[in-house]
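Derivation of every value follows stated rules applied to the coordinates shown; laboratory data play no part. As the structure is a computational prediction, the values presented were derived from the model and not from experiment. Because the Cβ atoms are built from the backbone with ideal geometry, glycine has one as well, and the counts that use them run over all protein chains shown.
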Amino acid sequence: MPEATQVQVESAAEPRGLRLWWSRLRSYLIFDPLIWLYTIVLGILSLLSSFFDESGRIQHGFAHLWAKMILGTIGAPVQIVGLDKIDTSKPQVYVVNHLSALDIPVLYAYLPFGFRILAKKELFLYPFMGWHLKRSGQIPVVLENPKASVRSLNLAVAALRSGKSLTIFPEGGRSPDGQLHAFMGGAFYAAIKAQVDVVPMALVGTFEILRMNTWHIKPRPIYLLVGDRISTQGMTARDVERLTRQAHDLIAGLYYSRSAVPDLRGGNPGSDEPQK
């Protein structure tokens with residue numbers, strides 16, 4: 001059986017009957033309380049460490065520990081494909097699809113370098129998580145305010161030029177249906193302005209484990225697929241749309257090659273319209 005088909009079979013297996021009830025109780029009584037406990041305790045320690053560690057290394061270490069504890073607790077093994085394509089010697093913009101609240105723990109647990117996140121401002125309002133994001137130098141994006149977005153992108157460009165890599169979800173939010181949706185151009189504008197490479201990545205499996213608007217966690221394998229870097233050398237702001245589409249196509253190829261979710265893009269790559 002081909003490898004991609006194996007992943008689809010694993011992802012399609014849903015608990016039923018008594019197994020479904022046990023799965024729900026395990027989530028509500030064990031997994032979810034433990035995740036909140038890890039978040040509160042390590043969030044406090046991370047916040048305290050920020051007052052004497054301006055580099056953010058200690059905070060990133062706490063985030064790494066928090067992420068590994070979550071994934072270890074729920075029993076979701078992670079396999080990385082293409083790790084050798086990551087060059088930690090220079091800053092880059094890492095763009096990845098967004099499926100689940102578990103995406104961030106996977107990135108913190110398995111990306112082998114420190115990075116900053118360009119994330120929706122709403123995340124900065126959450127207790128403990130928001131405090132960590134603010135004190136560790138993550139960059140908030142206000143999607144509904146163009147002027148505020150420009151300020152955020154300028155901060156992102158400054159971070160890249162100072163040697164810090166960025167990890168960004170260019171869809172702007174989690175996918176409600178597991179499909180890859182259209183990308184916003186902010187990440188790619190920042191990459192072009194800073195003249196750094198864009199590294200496309202795809203997460204597979206987190207949608208099936210924890211979808212939007214639910215606390216029910218259904219453990220299964222997760223795949224983090226790393227694609228070939230895209231150079232931005234010589235590009236200008238006029239190339240943002242082209243770079244955005246190129247990254248979308250590469251991530252779509254990675255994602256749909258392994259995902260149980262059908263590819264409904266139709267004949268127009270980068271489109272959210274279903275195939276007719």
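Data overview
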{"item": "Additional length obtainable on full extension of the chain from Arg242 to Leu18, 0.36 nm per residue less Cα span", "result": "75.6 nm"}
{"item": "Net lengthening on full extension, Ser89/Trp215 (0.36 nm per residue, minus Cα-Cα)", "result": "41.5 nm"}
{"item": "Calculated [θ] (222 nm, deg cm²/dmol) that DSSP helices of n ≥ 4 give over the chain, each run adding -39,500 (n - 2.57)", "result": "-13500 deg cm²/dmol"}
{"item": "Descending Cα extents along the principal axes, the range 134-239, whole Å", "result": "43, 31, 27"}
{"item": "Within the chain, percent of DSSP bridges classed antiparallel, to nearest 5", "result": "20"}
{"item": "Nearest-0.05 FRET efficiency for His64 and Leu29, computed from C-beta distance (R0 30 Å)", "result": "0.65"}
